[in-house]
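The values are calculated or read from the model by the stated rules, or taken from the named source; none is laboratory data. The shown structure was predicted, so the numbers you read here are calculated from the model rather than taken from an experiment. Every residue, glycine as well, gets a Cβ built from its backbone with ideal geometry; the counts of neighbours run over all protein chains shown. These area figures cover heavy atoms from the full protein model, side chains too; ligands, DNA and RNA do not enter into them. Shrake-Rupley method; radii C 1.70, N 1.55, O 1.52, S 1.80 Å.
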Amino acid sequence: MKHLLGIDELDKAQIMAFLDKAQSYSEALSKGDWDKERLRGKIILHLFFEHSTRTLTSFEMAAKRLGADVINWNPETSSLTKGENFIDTIDTLKSMIPDAIVMRHADYGAPKTVAARSGCPVINGGDSWREHPTQALLDALTMKQHFGKIEGLNVTIIGDIAHSRVASSNLQLLSKLGANVRVIAPAVLMPQKLPFENIEKFESLADGLPGSDVVMTLRLQKERMDRALIESDAAYFNEFGLTLEMMDKFAPKAVVMDPGPLVRNVQIADDIAEDPTRSLILKQVANGIPTRMAVLDILVGD
Ligand code: NCD
């Protein structure tokens, strides 16, 4: 049984296999020419226990572009609200024999628990602050399309590194593919330990931005903070919010990325988010489709 639970369990060759397939779907989508029957007859169950715009919609579009049927199960209208527990819910749904499960959950490692009893491939659409592997893959596809490579790129990630599963998956993927990775965060949002020793840590934009090819901003993950760790959104923006002025001053040649949701004027200012020459943010969103088509093709296709 093949699952995609995290970048932590993939080696460089496996990451490249997903990226190569994603690139071929990206080209195929632009020509309108791909196997639209690839997953015909498959039923994919979406179990999203946390809200989502991009990930949920692009998984659904990817599945439908490949001919699969999708069921968007909703925890708020399910028997969980009548007192059924998580494991009984999973066992119930698994008894209906879906062909794959795509899930998002607030608990660390929840997709792994489901994979152990699902009887079908499980794809992690984000668990706690642990991993969001398809986001890291689509970010890598976006960088590769823009620069022609990942190896040797200087990628700087700014924001709530401690609570962000996007940061966690990206730090691992980019390190495994040979990028030079930096993080910039206030001390309270910097994890004690990063997954690779050569990731450089900075506590100010002025110190961390110079030399960047890619600057990625991240949302403050307030839902995962057990207390208010930052004084205010305005104070955070003042020190760590990315603006056109800071980009022009410290990283004039860099492109900007953000996995979304964009919380404007907290993690990123309008002027740089909308800069048509430097913002790859909507390209990232678009790349969610070929990336997730690739993942479904590899894991769910016969
Ligand atoms: C992120 C997520 O949910 O992990 N969004 C996404 O999937 N594009 C990031 C976030 O919520 O900040």
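By accessible area, using a 1.4 Å probe on protein heavy atoms only, the range 112-181 has 45% of its surface on carbon and sulfur. As a length-normalised measure over Cα pairs under 8 Å and 6 or more apart, the relative contact order of the chain settles at 21 percent. Along the range 207-212 the Karplus relation, 6.51 cos²θ - 1.76 cosθ + 1.60 evaluated at θ = phi - 60°, assigns HN-Hα couplings of 7, x, 6, x, x, 6 Hz to successive residues, with x for each Gly and Pro. Placing Trp129, Trp73 in order of accessible area, with the largest value first and a 1.4 Å probe, yields Trp129, Trp73.
Count Lys and Arg as plus one, Asp and Glu as minus one, and take only other residues whose Cβ is under 15 Å from that of Leu10; the net charge is then 0. Placing unit charges on each Cβ (+1 for Lys and Arg, -1 for Asp and Glu) gives the chain a dipole about its Cα centre, and among Val114, Pro195, Thr217 the Cα reaching farthest toward its positive end belongs to Val114. The relative contact order of the range 157-250, computed from alpha carbon pairs under 8 Å that lie at least 6 residues apart in sequence, is 34 percent. Surface composition of the range 198-293: carbon plus sulfur atoms hold 51% of the accessible area, using a 1.4 angstrom probe and ignoring ligands, DNA and RNA.
Remark: the range 135-141, residue by residue, has Karplus-estimated 3J(HN,Hα) of 5, 5, 5, 6, 5, 5, 4 Hz, where x stands for each Gly or Pro and the curve is 6.51 cos²θ - 1.76 cosθ + 1.60 at θ = phi - 60°. Summarising the amide proton neighbourhood of Val102: residues at separation of 5 or more, or on other chains, whose placed amide H is nearer than 5 Å comprise Leu45, His46, Leu47, Ile123. The string of couplings for the range 98-112 from the Karplus curve (6.51, -1.76, 1.60, θ = phi - 60°) is x, 8, 6, 10, 10, 9, 9, 8, 6, 8, 4, x, 4, x, 5 Hz, one whole number per residue in order, with x for Gly and Pro. Relative to the longest principal axis of the Cα atoms of the chain, the long axis of helix 165-176 lies at roughly 80 degrees. Helix 12-31 and the longest principal axis of the Cα set of the chain meet at an angle near 80°.
Ranked by the mean number of other Cβ atoms within 10 Å of their residues, highest first, the peptides 6-15, 280-289 fall in the order 280-289, 6-15. Take the range 133-280 with all the other protein chains still there, run a 1.4 Å probe, and you get 42 Å² of accessible area per residue.
Entry note, the range 18-79: relative contact order of 39 percent, from Cα contacts under 8 Å with a spacing of 6+ residues.
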